[in-house]
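Single-structure report; data block below.
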Amino acid sequence: MKTNLAQLERMSSNAQAITPNSTLQDNLRSLRLTYLLENAVQAAEQAAGNGNGHLQYLQELIAGEVALRHDRSVQRRIHDARFPVTKTMAGWDWSWPAKINRMQVEHLLQLDFIDTCTNVIFAGPTGIGKSHLAIALGYAACLRGHSVLFAAAIDVVNRLSAAQSSRQLAREIKHYQSPKILLIDELGYLPLDKRGAELLFQVITKRYERGSIIITTNIAFKDWPRIFAGDATMTSALLDRLLHHAQPVVIEGDSYRSAKRKTVSSHSER
């Protein structure tokens, strides 16, 4: 089929409309290079004005793209971790607990425990800051490129129980196996029935020497059988796996939240 003159003129007109910049932007958009897409033209103009060479121009653009992707990756990990609130060590008051091994906690923040699949257990009374420290540790892990999943102990049991009823238990357990760190909060605050205890036991067993677990609990290890439906045999087997590679962090002192409420009440009475 022959191409007529009108078609050739339209093709020529379209070709002229494709400017170098539009072609570059289309290619960057296709490659999903967001930073380059938004900054390439402006950076080129600045480089020309400053007399910067091509390599320096390219290096700065690539560095910007890498930084943007890193930031997005961090934000995605934080989102996927499902922290109820954001906690960091910047908001931690070392002077409050009556007893805490500061050197141990600061060493944990180096995150070496992740490489050895070591577990971390924050134990102490209610309101002393166990969840704060656990979330701060998980948050630091997200910043360093590790996947984290936060869940209250009772929520883990409820999800597993529902999955078992719908014959999806294996998939749900895999959900808790996948992250580098599984953060189980408030273990022991609510008692578990035998079924719930067995389900949580499966999760902890599946992660044994495969991934780290961070646990917060207000129950001393010797009293854990009452968490797990009074089953001393299962509790012993669970603690054997959990504590084989573990760093228990014992915190003692009064409840920070209770003290704060008392302070507010005292001020309001004046």
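What single numbered condition from (1) polar (S, T, N, Q); (2) farther than 30 Å from L243 by Cα; (3) open to solvent by 60 Å² or more (accessible area, probe 1.4 Å) fails to hold for N39? Checking N39 against (1) polar (S, T, N, Q); (2) farther than 30 Å from L243 by Cα; (3) open to solvent by 60 Å² or more (accessible area, probe 1.4 Å), the one that fails is (3). For residues in the range 157-188 being in a helix (DSSP H, G or I) and farther than 17 Å from F201 by Cβ, which is most open to solvent (accessible area, probe 1.4 Å)? Residue satisfying both the conditions and the ranking: R171.
Okay, residues lined up against (1) of a type in the set (A, V, I, L, M, F, W, C); (2) touching a Pro at 6+ places or on another chain (Cβ under 9 Å); (3) within 30 Å of Y176 (Cα to Cα); (4) modelled with pLDDT under 80:
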residue	(1), (2), (3), (4)
A40	yes, no, no, yes
A44	yes, no, no, yes
E60	no, no, no, yes
G64	no, no, no, yes
L68	yes, no, yes, no
R77	no, no, yes, no
A81	yes, yes, yes, no
W94	yes, no, no, no
A98	yes, no, no, no
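Among residues of the range 175-204 that are within 19 Å of S236 (Cα to Cα), those with a beta-carbon under 6 Å from a residue that is open to solvent by less than 40 Å² (accessible area, probe 1.4 Å) and part of a loop (DSSP other than H, G, I, E, B) at least six positions away or on a different chain give the pairs G188/I219; G188/I227. Total residues in the range 109-128 satisfying the condition of being part of a loop (DSSP other than H, G, I, E, B), without any contact (Cβ under 8 Å) to a residue 60 or more places away in the chain and open to solvent by 10 Å² or more (accessible area, probe 1.4 Å): the figure is 2. Condition check: in contact (Cβ under 8 Å) with a residue 24 or more places away in the chain, at positive phi, surrounded by 20 or more Cβ atoms within 10 Å (Cβ to Cβ) and not charged (D, E, K, R). Does G145 satisfy that? In short, no. Within the range 76-108, if we keep just the residues that are of a type in the set (A, V, I, L, M, F, W, C) and assigned to a helix (DSSP H, G or I), the residue that is most open to solvent (accessible area, probe 1.4 Å) turns out to be M103. Cβ-Cβ contacts under 8 Å between residues 6 or more apart (or on different chains), taken from a first residue in the range 218-246 that is assigned to a helix (DSSP H, G or I) and open to solvent by 60 Å² or more (accessible area, probe 1.4 Å) to a second residue that is small (G, A, S) and modelled with pLDDT of 95 or more, are listed as F221/A123. Residues in the range 42-75 that are of a type in the set (A, V, I, L, M), loosely packed, with under 12 Cβ neighbours inside 10 Å and over 29 Å from the mean Cα position of the chain (by Cα): 2 in all.
The values are calculated or read from the model by the stated rules, or taken from the named source; none is laboratory data. Since this is a predicted model, take the numbers as computed values, not measurements. We place every Cβ from the backbone using ideal geometry, glycine too, and count neighbours over all the protein chains shown. Areas reflect the complete protein model, heavy atoms only, side chains present, ligands, DNA and RNA absent. Shrake-Rupley method; radii C 1.70, N 1.55, O 1.52, S 1.80 Å.
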